[in-house]
Every structure is written in structure tokens, then in C-alpha cells.
Amino acid sequence: MLRQAYRAVGLTCICLYGSVTSVCAQYKLDSLQRLDEVVVTGKNRLKEVIPVQQLSGEQLQRLNTHSVADALRYFSGVQIKDYGGIGGLKTVNIRSMSTNHVGVFYDGIELGNAQNGQVDLGRFSLDNMESVTLYNGQKSQTFQPAKDFGSAGSIYLQSRTPQFEEGERYHVKATFKTGSFGVANPAILWEQKVSESLNTQLSAEYMYTTGRYKFSYRVKEGYDTTAIRRNGDVNAVRVEGGAFGRIHGGEWRAKGYLYRSERGYPGAVVRNKFSHEDRQWDTNTFAQGSFRKELSSFYSLLVNMKYAYDYLHYLADPKKDESLMYTNNHYYQHEAYLSVANRFSLLPFWDICLSADYQFNLLNADLTDFVYPRRHTALVAAATSFDFDRVKLQASLLGTFVHDNVASDTTAASNKMEWTPTAVASYRPFRNIDLNLRAFYKRIFRMPTLNDLYYTFIGNANLRPEYTNQYNVGATYSHTFNRPWLHRLEVQADVYYNEVEDKIVATPTSNFFRWTMINLGKVEIRGLDVALQADWQWGREFLLAGRLNYTYQRAQDFTDKADEFYGGQIPYIPWHSGSAVLNATYGKWEANYSFIYTGERYSSQANIPANYQLPWYTSDFSLARSMAMPRGDLKLTLEVNNLFNQQYEVVICYPMPGTNFKLIAQYTF
């Protein structure tokens with residue numbers, strides 16, 4: 001955006017804030033000139049070296065989504081596992097490399113789960129979210145904590161940062177959602193300007209749903225029946241507060257977060273069993289802070305810190321459900337984290353960054369023979385970047401050091417020390433054409449989780465880390481048109497090849513409840529991601545925006561050449577998938593249509609007809625109207641999800657909801 005324009009005799013100067021462009025031209029004029037005012041608008045778009053997809057601002061809020069997991073469905077290369085509606089567990093993997101290879105960062109600091117390595121994205125609402133960004137590999141910057149280099153793919157959740165215009169002291173947004181499944185979902189956001197250099201924020205949300213919905217159930221004998229999904233209720237509250245400060249040459253922020261929930265697990269529908277009675281209680285809290293300062297033109301400092309506590313109570317009572325084995329387990333996790341990152345700007349085009357992180361994890365439980373593991377993790381990263389205008393180069397080396405302690409009568413996993421490199425390159429062949437070619441290589445590993453190593457009956461302390469090699473070649477192209485209808489077009493495409501070595505899998509022993517974890521297998525993933533985005537405009541009031549994503553993946557298991565299913569597609573990875581979003585705005589009216597498609601796939605490593613899963617798709621539609629109120633603005637939205645009542649399962653035996661509705665009232669002032 002053009003922030004300043006100085007007009008005077010003999011001088012015209014334009015400064016573009018937020019970019020590296022500054023143009024200032026000196027003119028000699030013979031006489032006084034009067035220049036008509038010119039308004040310049042535009043989008044400041046950082047050219048990413050690493051493949052990136054982002055939903056932000058109004059674009060994110062317009063989607064018919066309940067949570068972050070729902071929003072990620074609109075990215076290419078992503079597979080969401082949804083275990084049944086609003087109350088079901090929701091996890092994500094990127095480019096078929098499993099959930100444990102995905103780093104999830106909230107306001108720049110990673111969300112952790114040392115117990116099983118999975119972050120339930122269903123508990124993060126979009127009401128307080130400014131943007132959701134997905135990177136393959138890592139972020140396109142080197143000035144970051146060492147942890148940011150440590151994942152095969154990363155999801156960055158950025159909550160709202162208060163912004164105030166001249167004379168504004170506070171903002172309030174109150175939202176209420178209701179609709180199918182007995183949903184009651186009020187939320188409030190309060191932003192307060194304390195001083196010119198300090199803003200605060202408080203966000204709170206309550207969500208209740210019965211989780212009950214009808215679904216069709218088909219059996220092999222050839223008949224269909226209609227049943228009701230039960231035990232999918234959720235009763236949850238989220239509260240978070242933050243402070244945002246500006247200092248000379250830098251900024252700081254602090255945040256506290258609390259999430260508490262009680263939910264039922266609807267379970268799998270198998271052998272005509274439609275009801276389950278197991279329950280789960282969760283408490284997730286953390287406090288984190290970040291400090292960034294440019295101490296000189298040569299040196300910058302970034303410090304992050306966090307403490308997190310997670311409590312989980314799982315109850316399966318055979319008195320309520322005879323098919324259950326009695327389980328009443330309590331888990332307690334503690335995590336402490338500290339990171340220091342340093343940037344040295346040696347030359348205008350050359351930066352060197354050094355980062356060091358330390359993390360401590362503690363897991364307690366009330367299980368028999370539990371080993372009470374403690375994990376110490378240290379990470380160090382050295383990275384460098386070169387920016388030669390049309391050529392950008394980045395390289396990094398990450399060192400990971402892990403040491404585990406367990407109860408005295410148990411053997412801990414051996415210490416781990418791993419070094420993993422990354423190399424990235426980007427080239428813009430033409431100065432006047434916004435075309436960028438890019439490529440990267442990244443090697444990374446994931447440490448076995450505490451469950452993998454030490455969980456009673458299934459742990460294996462001798463497990464090796466799971467390694468991945470990632471290769472990516474791609475291109476991005478964008479163009480802004482001066483035509484009255486097509487305003488902007490942006491296209492990106494990437495071809496990739498991934499290898500997964502020493503894949504960690506669970507296999508059963510003689511007892512169904514006793515499993516063992518082993519290193520087994522090699523997986524090769526070949527894929528193509530394509531994303532297209534376009535903006536149209538007719539006149540001043542009618543705007544149209546479209547987004548299209550497509551993914552092709554061939555993810556093959558090459559574990560054992562003697563295996564009958566050697567080279568088969570790995571479970572739940574479709575060959576073809578994609579999504580489309582269309583948004584139209586006219587005056588105070590807004591309409592949105594979104595479409596998601598997942599192609600044919602198999603539910604098991606055995607690619608046989610019995611495990612074949614049909615393609616599924618859903619269409620969602622919403623209509624919104626904004627109205628000016630005495631002190632603010634009111635927006636009413638009607639959503640219709642699964643418009644054509646598609647009966648489908650993301651995970652076999654976990655039926656998803658049919659057509660459902662939601663009404664949203666949002667008041668801001």
C-alpha cells in the first residue's frame with residue numbers, strides 16, 4: 001500500500017512500506033506545477049522460495065469450516081483423517097509422510113505432544129485466527145528457531161494481532177453460531193489499546209454439540225439402513241489472552257491459552273454396532289512469549305519460550321458398553337521450551353543465522369508398570385541465505401540431540417544424535433515477468449514418540465528414527481491485469497519425490513490388546529500439486545474470487561519384494577484429490593461455494609477389491625448479509641454444508657454427516 005506521497009516543486013518521492021522497494025526521483029521544473037492526486041493500491045506479496053499455501057483474513061473466514069482441520073482441506077497435498085464429525089479426532093499429513101512429520105506452530109512456537117506426536121487440530125477455532133499457512137519443507141526464511149527446521153512439513157497458525165486506526169481505543173467482536181447437531185457456539189473477542197506501544201487481547205469461546213446425525217449404513221448382504229451417530233457430543237471452552245508490545249527496533253508478545261473439553265468418542269461402525277460409550281476429558285494449557293529486536297544493522301535477536309501442561313482422562317466402562325475392556329487412564333504431560341536465534345547481516349545480500357533450542361518433556365500416568373519417561377532435546381541450526389535479486393539461495397544444517405530417562409528398572413532408548421541438511425534455490429528468469437522457478441532438497445527424521453518407545457505392552461525402546469528425503473521442483477507465476485474484469489491471476493505447480501526409510505509401524509502379537517512397534521519398510525511418494533487463484537471485478541461493487549487446487553500422488557510401499565502387494569498404494573492416500581472455492585461479493589451481500597473431492601483409494605496395504613474405497617465429494621454453500629448498526633456492523637450468515645447429502649467416510653467405518661445447516665450472527669464495533 002502507498003503510505004506516503006510527498007509532492008513539491010522539483011521533487012516527487014514515493015515510499016512503499018512493507019517491501020524492499022523505494023523509488024525517489026528528482027525533477028527540475030521551470031515553473032510551479034500542480035499534480036493531480038494519484039491513489040496507488042496493491043498487495044505486498046513475499047516471493048516464497050519454499051512451496052507455500054495460505055488462507056488469511058476474510059478469505060479464511062468465508063470458508064464453511066468448524067476448525068483449522070477443516071480449513072486445511074482446501075490445500076493441495078494434504079490428507080485429513082477425520083474420525084467422525086465434530087467430536088471426532090482430526091489429524092493431518094502432508095504429502096503422505098504421516099502425521100508425526102507435520103510441525104504445527106501457533107504464533108510462531110510449536111505445539112507439542114511428546115506422548116503420541118499428534119496435535120488434534122479440531123480444538124483450534126477460526127474465530128480468532130488471522131491466517132493458516134502450510135509450508136512443504138520449512139519456512140522461506142532462515143531467521144527462526146531451530147525447531148522450525150525440524151519438520152518435513154509445517155502448518156503455521158497465526159492468531160489476530162490488534163491493529164488500531166487513529167482515535168480507536170478498542171475493538172469488540174461477538175459471534176454466535178447455531179444449527180444442526182444442537183450446536184451452541186458463542187464467542188467474544190476484545191482488543192484494547194493500552195498505549196501507543198502496547199495492545200492487549202482477550203478471546204473466549206464455548207462450544208456444545210450433541211454430535212448426533214443420521215447416516216446410511218451398507219452391509220455386504222446388499223441392504224442399507226439409516227442409523228444415528230451417537231456419543232459424539234462435545235462440551236468445550238477455550239480462553240486465551242495476549243499482550244503485544246512495540247519497542248525501538250523490535251517487538252514482543254506474550255500469550256496464555258486454556259482449553260478444556262469433555263467429549264464422547266463415537267467409535268467405528270462395525271458388525272452392526274452403532275453406539276459406543278467411551279469418554280475423554282482434556283485440559284490443555286500453555287503460556288508462551290516471544291521477543292524480537294534488531295540491535296544493529298548487523299545483528300538481530302529472537303528469543304522464544306514456552307511452558308505447557310496437558311491432562312488427558314480416558315474412560316471405557318463395560319457397565320455401559322459390554323464390548324469395552326475397562327480402562328480408566330490419566331495422563332499428565334509437562335513441556336518446557338527455550339529458543340535463542342541470532343541473525344548476522346554480513347552484506348546486503350548475505351545473512352547467517354545461528355539458533356539453539358532446548359526442550360524438556362515429562363509424561364506421567366497411572367498405568368501399571370508405567371516407565372515415567374523424561375526426554376531432553378537439544379537442537380542447533382546453522383543457516384545462511386543469499387539474495388541476488390533474481391537468484392535466491394538458502395542452506396541449513398540442523399543438529400538434533402535426544403536423551404531419555406525412564407524408571408530405574410526399565411531400559412531407556414539410546415541417545416540420538418542426528419545431522420540433517422536442507423538446500424533451497426529460487427530463480428526469476430525475466431525481470432518484467434513475475435515467474436519464479438524453485439527447487440529444494442531436505443533430509444529430516446522424526447524421533448519415535450514416547451508411546452512408540454515406552455507405552456505398556458506396545459513400546460520398543462530399540463526403535464530407530466524414521467527418516468525422510470524430500471525433493472521438490474516447482475514454479476510460480478502471477479500477473480496483475482489492467483482489464484476491467486480479470487484483476488489478478490496466480491498459479492503455482494510443484495513436482496516432488498519423497499522417500500521414507502525405517503517407517504515405524506504397529507503389529508499385533510498373540511493378544512489383540514498387546515501390540516509391538518517395529519521399524520519396517522520403505523515408502524516412495526511421487527506427486528504433483530497445482531494451485532490456481534484468480535480475482536475478477538466488475539465495477540466497484542461486484543467482486544469475484546476463485547481458488548482451485550489439485551493433487552496427484554502415487555505413494556507406494558516398497559518394503560519387501562517378496563510381498564504379494566509390493567509397490568501398492570499405501571492406505572488412505574488417493575491418487576487424485578482437489579478442491580475449489582468461489583466467492584462473490586456485491587455491495588453488502590456475499591455468497592460462497594466450496595467443493596472438495598477425494599478420489600479412489602484403499603483402506604489397507606492390500607490393494608484388493610475388499611479394501612477399495614469409492615471417491616467422495618462434498619459441496620458447501622453460504623450466503624451472508626452485512627448491515628450497519630448504530631455502533632457497529634452486524635453480519636448474518638446462513639451455511640448449508642454437504643449440500644447434496646453425500647454419504648461418505650474419510651476413514652472406513654467412521655461415517656460423516658449428511659446435509660447440515662448453520663446460522664451465524666456476528667456483531668463488531
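What the table shows:
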{"item": "Hits in the stretch 359-383 - residues which are out of contact with any Gly (no Cβ under 9 Å at 6 or more places or on another chain), crowded, with 17+ Cβ neighbours inside 10 Å and not in a loop (DSSP other than H, G, I, E, B)", "result": "LEU362, LEU363, ALA365, ARG374, ARG375, THR377, ALA383"}
{"item": "Complete set of residues in the stretch 433-464 that are at pLDDT 85 or above and in a loop (DSSP other than H, G, I, E, B)", "result": "ILE433, ASP434"}
{"item": "Per-region count, the stretch 326-369, residues among the basic types (Lys, Arg) and more than 26 Å from ASN304 (Cα to Cα)", "result": "0"}
{"item": "Of all residues in the stretch 175-201 being buried (at least 17 other Cβ atoms within 10 Å of the Cβ) and at positive phi, the one that is modelled with the highest pLDDT", "result": "GLY179"}
{"item": "Subset of the stretch 46-68 (residues that are closer than 28 Å to SER626 by Cα, buried (at least 21 other Cβ atoms within 10 Å of the Cβ) and at pLDDT 70 or above)", "result": "LEU55, VAL68"}
{"item": "Qualifying residue in the stretch 568-590 (condition: farther than 18 Å from ALA545 by Cβ, touching a residue at least 40 places away in the same chain (Cβ under 8 Å) and of a type in the set (Phe, Trp, Tyr))", "result": "yes"}
{"item": "Test: residue in the stretch 207-223 that is over 30 Å from LEU346 (Cβ atoms), out of contact with any Phe, Trp or Tyr (no Cβ under 7 Å at 6 or more places or on another chain) and modelled with pLDDT of 90 or more", "result": "yes"}
{"item": "Some residue of the stretch 441-452 being over 23 Å from the mean Cα position of the chain (by Cα) and closer than 25 Å to VAL473 by Cβ", "result": "no"}
{"item": "Among the candidates ASP369, ASP351, ASP357, residue that is among the acidic types (Asp, Glu), farther than 28 Å from LEU393 by Cα and assigned by TED's automatic domain parsing to the domain that holds LEU121", "result": "ASP369"}
{"item": "When residues of the stretch 569-580 are limited to those that are surrounded by 17 or more Cβ atoms within 10 Å (Cβ to Cβ) and modelled with pLDDT of 90 or more, the one farthest from GLU639 (Cα to Cα)", "result": "GLN569"}
{"item": "Selection within the stretch 94-111 - modelled with pLDDT under 85 and buried (at least 21 other Cβ atoms within 10 Å of the Cβ)", "result": "ILE94, ARG95, SER96, MET97, SER98, ASN100, HIS101, VAL102"}
{"item": "Residues within the stretch 139-173 that are of a type in the set (Lys, Arg) and either closer than 29 Å to SER355 by Cβ or modelled with pLDDT under 90 (or both), tallied", "result": "3"}
{"item": "Qualifying residue in the stretch 504-526 (condition: of a type outside the set (Asp, Glu), part of a strand (DSSP E or B), under 22 Å from SER426 (Cβ atoms) and modelled with pLDDT of 85 or more)", "result": "no"}
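The values are calculated or read from the model by the stated rules, or taken from the named source; none is laboratory data. Everything numeric in this text was worked out from a predicted model, so none of it was measured. Cβ atoms come from the backbone with ideal geometry, glycine included; neighbour counts cover every protein chain shown.
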